[in-house]
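Asker: Structure in C-alpha cells, see below.
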Amino acid sequence: MSAEVDKTETAEAGKPPRDTRALLREIAESNSLVVVLAVVASLIIGGFLIVLASPAVEEALGYFFARPADTFKAAWDAVSSAYSAMFRGAVWNYNGDTFAQQFRPITETLTMATPLIFAGLGLGMGFRAGLFNIGAQGQMMIGAMLGAYVGFAWNLPPVLHLIVAVTACALGGALWGFIPGILKARTGAHEVIVTIMLNYVAANLLGFALSKDAFQRPGSDNPQSPAVADSAAYPLILGDNYRLHLGFIVALLAAVGVWWLMERSTWGFRFRAVGANPNAARTAGMNVSIAIVGVMTIAGALAGLAGSAQILGTERSLTAGIAGSFGFDAITVALLGRSRPLGTVMAAILFGGLRAAGPALQVQAQLPIDIVLIIQSLIVLFIAAPPLVRFLFRLPAPSREKVVTA
Amino acid sequence: MTATAVEAPEAQPAAAVEKPLSWKMPLLLGSVGILSFIFFGLMTPGGGATTTFVLSRSGDLFTIPAFDVPSQPVAIALTLAATALAALSAWGVRNRRQFGVWLPSTVGLLVVLAVLVWAGAGKTATSIQITGLLIGTVVLAVPLVFGSLAGMLCERSGIINIAIEGQLLAGAFLAALVGGAVASATGSDAVGAYAGLIAAPLAGALVGAALTLFAVKYWVNQIVVGVVLNVLVVGLTNFFFGTLMKNNPELNRAIGLPDLPIPLLSKIPVLGPVLFDQNILVYSMYVIVAVLNVMLFRSRWGLRMRAVGEHPKAADTVGIKVNRTRVRNTILGGAVAGFGGAFFTVASGLAFNKEMTGGKGYIALAAMILGRWSPKGALAAALLFGFADSLREQFGIIGTAIPSQFLAMLPYLATIFAVAGLVGHVRPPAAEGIPYKK
Amino acid sequence: MRLELKGITKRFGTFTANDSIDLLVESGSVHALLGENGAGKSTLMNVLFGLYDADEGEILLDGEPANFVGPGDAMAAGIGMVHQHFMLVHPFTVAENVMLGHEDVRGPAKLLDLEAARAKVKEISDRFNFDVDPDAVIEDLPVGAQQRVEIIKALSRDAQVLILDEPTAVLTPQETDELLGIVKDLRDAGTAVVLITHKLREVKAVADTITVIRRGKVVGTAEPTASQEELASLMVGRDVSMTVDKEDATPGDVVLEVRDLAVVDEAGIARLNSVSFDVHRGEILAIAGVQGNGQTELTEALLGLEKATAGRAVLDGEIITGRSIKDVLMAGLGFVPEDRTEHGIVADMTIANNLILDLHDQPPYAKGVALQPGVIADEARKHVEAFDVRTTGIGQTAGSLSGGNQQKVVLARELSRPLKLLIASNPTRGLDVGSIEFVHKRIIAERDSGAGVIIVSSELDEVVALADRIAVMYHGDIVGIVPPDTDRDTLGLMMAGAHEEEAA
C-alpha cells in the first residue's frame, strides 16, 4: 500500500531529551522492569493459590464473620511460610545447624540450574535463528542414553573417560537435533511438529534400551542402567557435602561460548541473519539450509550436554525419567532469558531455585511441589505479553511496543 | 545493435510443462510390502503352525466360530498381495493413472492382517481377539478424536493450538472434581459422572480462552502460549490434586459413566460390542464428528471459519469479524478437547491422577495433521493411532518379538513422514499462527 | 446513485496521506483517480471502503452522510471494491468466494445454498461475458480470471459504485483491454466506476471524469480529451521528461553474456523463455516492461536465487549459472533487489551488520570465523558518510530507517565490492525525490567506473532517463533491444508485445 511507504519515509528516529521524567518513563517502559514485575505478579498469584489450598485458612474462613482477622492472619501465615520455605530451600537455609546445611540450598539451585542452562542456551540459539525447537527433551534423552552407555560400559582412564562420555552426550543430542534440522531444510517440515514427535520417539527408544540387558544392571530386570563409572562422572566441585558438579562450570563456559558464537563469529552472524530475514540472508549469499541444520545440530548438542549434567552429574544411572521435565522447562528458561546467554543463565538459576525449593515446600510448608510449575509458567506468560503486565501495574504504554515473537 | 531479439514470440501462452513423476508412494508401499513379506511372510513359522482368530463374544446374537488359518501360507499370501498392489501403484505412476486412497489403505490392511497371523502363529494357548482389538481401537481413539477436532477448530480459523494436551488434562480434572462433588452430594455415582461430563468442556474452554487472550489480544507467539499453557495446566491440576483432592478424597473417586448398549445393534457380533455398547461420550463423538464434518464444509459458519484461517484480510473485506471468529473458535475448540478429557476420568471410571493424559494431546495434534485438518480425516487418523495402541496391548498379552516401544512410536513416525511430505502433501491453513492486525 | 467525498483528510502519524480531498462519483460514469504511486489514491479508497477511519471530512451517499465502520457497511451501502491484491480465498471455489460474507442458506439444517451461488456467478458471468466457471478453484485460475471473480463478488452484492484499485498492474495488455471493455459495459449498465491508476492510456481510454492527486491533494480535474502530456504534467507536477545528468556511455567489451536463459516455475509454467543478450562494460542496459513479464525471474536467475532451467550466463568469462549465490556475488555481481525490505535488508540487525551481509566472512571483517567488530564499525561509519545515510548511529537497526536510507544502505553494501556488473531492480521505488537523485547518480558513477549495469524498472521515465540501451520484456521474452531515444509510443507498443519493426 502506498501509504505504508510514505509512513516509513517520515519515521524519525530521534531520541527524547534525557531529563528525569524521560528517564523515569524509560524505566517504566523498559523490558527489565517488565521482567521484574512479571515475577512479582506470578508470585502474587501463586500466593493466592497457596491461600486457597491452606487448611488453616479454610478453617478460619469457617468463622470469618466472627473473627475476620484470623482469616487474614492464616492467609498471611500460609503465604509467608511457603515463600520462606522456598527461600530456605533455594538460597540460604537460616534454620540450618551447620554451615554446610545453611549453604547447601544455593548449591542445589545451581545444580538444578545446570541442565537448564545447557538446554536453554541451545533453544535460545534456535529462537534467534527463527527456529522453534520443542525437542530439547528428546535430545537430552538420546544424549544421556549414549553418555550413560559410554559411562558404564567402557573402561577408560579417568579424564579421558569423562571427556569421551560428555562428547557422547553431545553427539547424541546433536543427532536428535540434526534430524528436524535437515527435514526442515530439505522438505520444509515444520520443526515444531517434528521435534514434538521426536521427543516421543526418543522416549520410546529410551524405554526400549532400558528393556534390554545391555542397558540393565546385571541380574536385574528393572528399567535402570548400572551407575556410570566414577571416572566418567563430573567431579564434585565443592566436596562431598554438596551435589554441585563440574557440569555447572562447563555450562557457564558453554554460555560464554554461545555468546561468542552468536555475537562474535561469522557462523552466529549468519544464524542471526537467517533468523531475522531468511530471504535477505539468501540474497546476500548465505546458505540458509546449512544455517538451519547448523543451529539445530548445535542446539541438539547443547541439549545433549544437559543430558550429561543429569547422567554424569546428579543421577549417575539411566532411567526413563532421566530428562525429568528439564527439556520443557528449558523452553521457558530461554524465553525468560530472551534467548541471550546471560539472560538464559540468570533465568536458569531462577528456575533452578524454584525447583530446588520444591522439597522444602513439600516438607516444611506441606505444599505440592507443583506450585513451582505454576509460578514458572505464569512468569513466562506475563513476560511474553508486556502490555498485560503494564495493564496490571497501571504502567504507561511505551511509545513503540515490540511484539515478542520468540 | 549488439544483441539480437529472440525468435518470434507470438505472445504464446506460457507453455505448461508436465509435472515430474513422483515415485514416493510406490517406493513406500513397495518397501512396506517387501519388508513385510520378508519379516512376516517368510519368517512366520511353517510346518502346519496355525493362527486362531476369535470374532464373537458370548451374548452376541449369533456366534461366529473361532477359526484357524495355516500361518505361513496365509501370511505369505497376504504380504505378496500387498507387494502386488505396490507394483500396481508403480504402474499407475508411470501411466499417470491416479488411484484413490483405497490402494494404500488396502496395503496397510493386508500388512496388518499378516502381522496378526504372524503374531499368533503356532500359539495354541492364545488366539487373536479381533473384537477386543477393535474395541480397544475405538476406546483409545476417543481422546485423540476430540483432541484433534479441537486442534482443527482452532487452526481452521488461524490459531495454532498446541495446548490440546492441557485442555484434555483440564477437562479430565474438572470432570473428576465435579463428578466427585455431585456424586457425594446426590449419592449417585451415575449422576455425578454425568455432571462431570458436563463440567469438562468448561475447563477446556477456559484454557482455550487463555490461549485466545494471549494470541489474539497480545499477539504472543501461539506456540509459546500453547507450550506454556500445557505446563500451567499440569501445575494447576497437580497442585489441586495434591491439596484439594488429597484433603477431600470424596472429590476424586473412581466413578464411571454407565455403558448404554443400544438394543439389538449391540448384539451384532464384532460390530455390536465395538460400536454400539459404549457410553454417552463415545456416542457423542460419533455425532460431533458427523456434525462437524458437514458444518465445516457446508455451513455458513464453516465457510467463514475457513476463510478466516486462509485469508483473514479477504474475510474482513466482506464484513466477517476475523478476531471474533478466532476467539469463538478457539474457545469452542478448547471446550471440545475438555469434553474429550472426560474420557480419562469419568468415562473410563478412573479417579484423576497427575498428568494422566500422558501426551495424548500431542498425538491428537499429529492425528489432526495426518487427517489434513478435516473431521473425517481426524477420525481416521485417530482410529489408526488407536489401533496401533490397541495392537500394542494385544501383543503384550500374546507376547511377540516386536518391542512394544516400536509400536508406540508408529503414530509419531507417521506424522514426521507426513509433514516431511514423504506421504502426500499436508497443507495447513495459510494464515495459521499469524495474528490479524488491521 | 451519487457518491460524494467532502474534505477527506487522513493522517498516519505526522504524515498526511489525504489532505482535504473532494470527489464526486455518479452512476453510469467512469471516474478516474489518477496519481503516481504513493500519491494517496489507495488510502482514499480505503477510507471510502471503511477500512480506514478518516480524520476529517465526510462521505455522502445521495446527499445523506454515511458512516462506515467496516467494509461490511460500505458493501451494504452499495460500494464494492476490487483490491490491488485480490481478496480471494485460494482453496475456495469461485462460487464459495462470491458467496462469502453474504451466504444464502437453505433447508432445515441451514446448509450453504451453493446452487444459488453458482447460479448467481453464472448469471453475472454471462451478462458480461466473463467466462468464469463457478466451480473452478481460485488458485488454479489465471490472474485475469481472478480479477473477474473479484468483480463478480462486488456485483453479486449489488454494488452500484465499483472501485478498481490499480486493476491493470498485474494484467497483460490483452487482459487489460478486456478489463477496459468490461469497465465500459459496467458503466453502460449504470454502475459508477472509480478507476484508480497511474496509467495514462487507460484513463484516456475509459474515463468520463478525471481527478488528479499528487502528494495527498487534489491538484486538478481534467477532461478525457486532455492530452497525455497534460495529464502527466498534472500528475507528476514537473516537466515529464525526467532528466539525469550523465555523459554518453563509452561501452567497452562484453561483460555479461546471456544465452537461452529459461526459468520454469514449480507449477511447470515457463516464466522466462530462452532469452539472450549482452551487457557491455560502461553501459546501462535498462529493462522495461509491465511488472510480471519475467523481469524478476531474469534478475533472480542471474544471481542464482531462482534456478535457471536452461541456458547460461557468463560474467567476464566465468559461467555463473548453476553456481551458488555466494560465488556469483564474489565473481563481481552486485544486486539491488526489487523488494528492499524483503530481500535487501535484515530489519532487526544494525546498519553496520547490514552493510556486511555479503562480506561478513571475508577479511578484513572476519579473521577465520571471528568477526572483527572494530573494523566493521569503522567501515560502517565510512559507508554511512559516503552514502549520506541519515541515522543516529551505525548501531541503529536498519528497520528503523526511512525507505530512502534503507536503499542507501543496500547500495552502499553492493557497491563496496569491486563490481563487474550491477543489477538494480526498481531501485527508486517508493523513494523521495532527493533519494532518487542520489541513487541515480551512484548508479551512473558505477557505470562510468567501468561496470556493466542492468536496471529493471516499470517506470518508463526512469528507463528512458538512465538507459544507454533499452530491452523490452513481454511474457518472458525480450521482444527487442532499442536505443534510448526510441519514442515512447514505440516502447509502449513493445511493452504490449509488438516487435520493434512492427512498433516503429
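The values are calculated or read from the model by the stated rules, or taken from the named source; none is laboratory data. Fair warning: this is a prediction, and the values are worked out from it, not measured in the lab. For neighbour counting, all protein chains shown are included, and Cβ atoms are generated from backbone atoms with ideal geometry for every residue, glycine included.
Asker: Take residue C:321 and decide whether it is of a type outside the set (D, E, K, R), within 14 Å of chain A (Cβ to nearest Cβ) and in contact (Cβ under 8 Å) with a residue 60 or more places away in the chain.
Answerer: No: the conditions fail for residue C:321.
Asker: Sort out for me the helices (runs of 4 or more DSSP H) sitting completely within region B:245-364 that have 3 or more residues that are within 14 Å of another protein chain (Cβ to nearest Cβ) and free of Cβ contacts under 8 Å to residues at least 12 places away in the same chain.
Answerer: B:280-298, B:300-310, B:312-317
Asker: Name the residues in region C:303-321 that are buried (at least 19 other Cβ atoms within 10 Å of the Cβ) and under 14 Å from residue C:271 (Cα atoms), would you?
Answerer: If the condition is that a residue be buried (at least 19 other Cβ atoms within 10 Å of the Cβ) and under 14 Å from residue C:271 (Cα atoms), then C:308 is the only one that fits.
Asker: Right, here's the next one. Conditions first: (1) under 26 Å from the mean Cα position of the chain (by Cα); (2) within 12 Å of chain A (Cβ to nearest Cβ). Residue C:421 passes all but one, so which condition is the exception?
Answerer: Answer for residue C:421: the failing condition is (2).
Asker: Step by step: first the residues of region C:455-504, then only those that are within 13 Å of another protein chain (Cβ to nearest Cβ) and part of a helix (DSSP H, G or I), then the one that is surrounded by the fewest Cβ atoms within 10 Å (Cβ to Cβ). Which residue is that?
Answerer: Only one residue fits best here, namely C:501.
Asker: I would also like to ask the following. If you scan region A:251-272, which residues turn out to be facing chain C (nearest Cβ under 7 Å) and without any contact (Cβ under 8 Å) to a residue 12 or more places away in the chain?
Answerer: Correct list: A:264, A:265, A:266, A:269.
Asker: A further question follows. Among the residues of region B:173-193, is there at least one that is of a type in the set (A, V, I, L, M) and within 30 Å of residue B:76 (Cβ to Cβ)?
Answerer: No, every residue in region B:173-193 fails to be of a type in the set (A, V, I, L, M) and within 30 Å of residue B:76 (Cβ to Cβ).
Asker: What are the pairs with Cβ atoms under 6 angstrom where one residue, in region A:170-186, is of a type in the set (S, T, N, Q) and the other, located anywhere, is assigned to a helix (DSSP H, G or I)? Sequence gap at least six, or different chains.
Answerer: none
Asker: While we're looking at this one, here's another question. Only one of these is in a loop (DSSP other than H, G, I, E, B) and surrounded by fewer than 19 Cβ atoms within 10 Å (Cβ to Cβ): C:133, C:126. Name it.
Answerer: C:133
Asker: Does region C:136-144 include one or more residues that are in a helix (DSSP H, G or I), of a type in the set (Gly, Ala, Ser) and under 26 Å from residue C:77 (Cα atoms)?
Answerer: No, that holds for no residue.
Asker: Condition check: away from chain B (no Cβ under 14 Å), under 21 Å from residue C:210 (Cα atoms) and basic (Lys, Arg). Does residue C:10 satisfy that?
Answerer: Spelling it out, it is not the case that residue C:10 is away from chain B (no Cβ under 14 Å), under 21 Å from residue C:210 (Cα atoms) and basic (Lys, Arg).
Asker: From the set of residues in region C:326-383 that are without any contact (Cβ under 8 Å) to a residue 12 or more places away in the chain and small (Gly, Ala, Ser), which is farthest from residue A:260 (Cα to Cα)?
Answerer: The selected residue is C:374.
Asker: Would you check which residues across region C:52-83 are over 15 Å from residue C:160 (Cβ atoms), out of contact with any helix residue (DSSP H, G or I) (no Cβ under 6 Å at 6 or more places or on another chain), crowded, with 16+ Cβ neighbours inside 10 Å and within 12 Å of chain B (Cβ to nearest Cβ) and list them?
Answerer: C:70, C:72, C:83
Asker: State yes or no: is residue A:154 surrounded by fewer than 21 Cβ atoms within 10 Å (Cβ to Cβ) and of a type in the set (Phe, Trp, Tyr)?
Answerer: In short, yes.
Asker: Shifting gears a bit: Out of region C:341-376, which residues are facing chain A (nearest Cβ under 9 Å), outside any loop (DSSP other than H, G, I, E, B) and not polar (S, T, N, Q)?
Answerer: Correct list: C:342, C:343, C:344, C:366, C:370, C:371, C:373.
Asker: What number of residues within region B:118-131 satisfy the criterion of being out of contact with any Pro (no Cβ under 9 Å at 6 or more places or on another chain) and in a helix (DSSP H, G or I)?
Answerer: Result for region B:118-131: 3.
Asker: When you go through (1) in a loop (DSSP other than H, G, I, E, B); (2) loosely packed, with under 14 Cβ neighbours inside 10 Å; (3) hydroxyl-bearing (Ser, Thr, Tyr) one by one for residue B:44, which number turns out not to apply?
Answerer: Going through (1) in a loop (DSSP other than H, G, I, E, B); (2) loosely packed, with under 14 Cβ neighbours inside 10 Å; (3) hydroxyl-bearing (Ser, Thr, Tyr) one by one, residue B:44 breaks only (2).
Asker: From the list B:322, B:346, B:327, which one is touching a Pro at 6+ places or on another chain (Cβ under 8 Å), modelled with pLDDT of 90 or more and buried (at least 18 other Cβ atoms within 10 Å of the Cβ)?
Answerer: B:322
Asker: With respect to residue A:19, is the statement that it is within 8 Å of another protein chain (Cβ to nearest Cβ) and modelled with pLDDT under 60 true?
Answerer: Against the criterion (within 8 Å of another protein chain (Cβ to nearest Cβ) and modelled with pLDDT under 60), residue A:19 does not qualify.
Asker: Going by the structure shown, is residue A:334 within 14 Å of chain C (Cβ to nearest Cβ) and either closer than 28 Å to residue A:237 by Cβ or in a helix (DSSP H, G or I) (or both)?
Answerer: no
Asker: Can you name the residue in region A:28-81 that is at pLDDT 85 or above and hydroxyl-bearing (Ser, Thr, Tyr) and is also farthest from residue A:357 (Cα to Cα) among such residues?
Answerer: Only one residue tops the list, namely A:63.
Asker: Now, a different point. Run residue B:187 past the list (1) surrounded by fewer than 19 Cβ atoms within 10 Å (Cβ to Cβ); (2) in the same structural domain as residue B:313 (by TED's automatic domain parsing); (3) in contact with a helix residue (DSSP H, G or I) (Cβ under 7 Å, 6 or more places away or on another chain) and report the number of the one that doesn't hold.
Answerer: Exception for residue B:187: condition (3).
Asker: Filtering region B:210-229 down to residues that are touching a residue at least 60 places away in the same chain (Cβ under 8 Å) and more than 8 Å from chain A (Cβ to nearest Cβ), which residue is surrounded by the most Cβ atoms within 10 Å (Cβ to Cβ)?
Answerer: Among them, the one singled out is B:211.
Asker: Condition first: free of Cβ contacts under 8 Å to residues at least 12 places away in the same chain and within 15 Å of the chain's Cα centre (by Cα). Now tell me which residues in region B:381-415 satisfy that.
Answerer: B:409, B:413
Asker: Read through the list (1) outside any helix (DSSP H, G or I); (2) touching a helix residue (DSSP H, G or I) at 6+ places or on another chain (Cβ under 9 Å); (3) at pLDDT below 85, then give the number of the only condition that residue B:69 fails.
Answerer: It fails just one condition, (3).
Asker: Okay, next question. I'd like the full set of residues that are under 11 Å from the mean Cα position of the chain (by Cα) and within 12 Å of chain B (Cβ to nearest Cβ), limited to region A:343-379.
Answerer: Across region A:343-379, the qualifying residues are A:351, A:376.
Asker: Just give me the residues in region A:36-63 being among the aliphatic types (A, V, I, L, M), in contact (Cβ under 8 Å) with a residue 24 or more places away in the chain and over 30 Å from residue A:337 (Cα atoms), in sequence order.
Answerer: A:53
Asker: Something else now. At positive phi and at pLDDT below 85: does that describe residue C:38?
Answerer: It is true that residue C:38 is at positive phi and at pLDDT below 85.
Asker: Looking at region B:257-275 only, could you name the residues that are farther than 19 Å from residue B:134 by Cβ and crowded, with 18+ Cβ neighbours inside 10 Å?
Answerer: Of everything in region B:257-275, just one residue is farther than 19 Å from residue B:134 by Cβ and crowded, with 18+ Cβ neighbours inside 10 Å, namely B:257.
Asker: Taking region A:175-200 as the region of interest, how many residues are in a loop (DSSP other than H, G, I, E, B) and within 7 Å of chain B (Cβ to nearest Cβ)?
Answerer: Residues in region A:175-200 being in a loop (DSSP other than H, G, I, E, B) and within 7 Å of chain B (Cβ to nearest Cβ): 2 in total.
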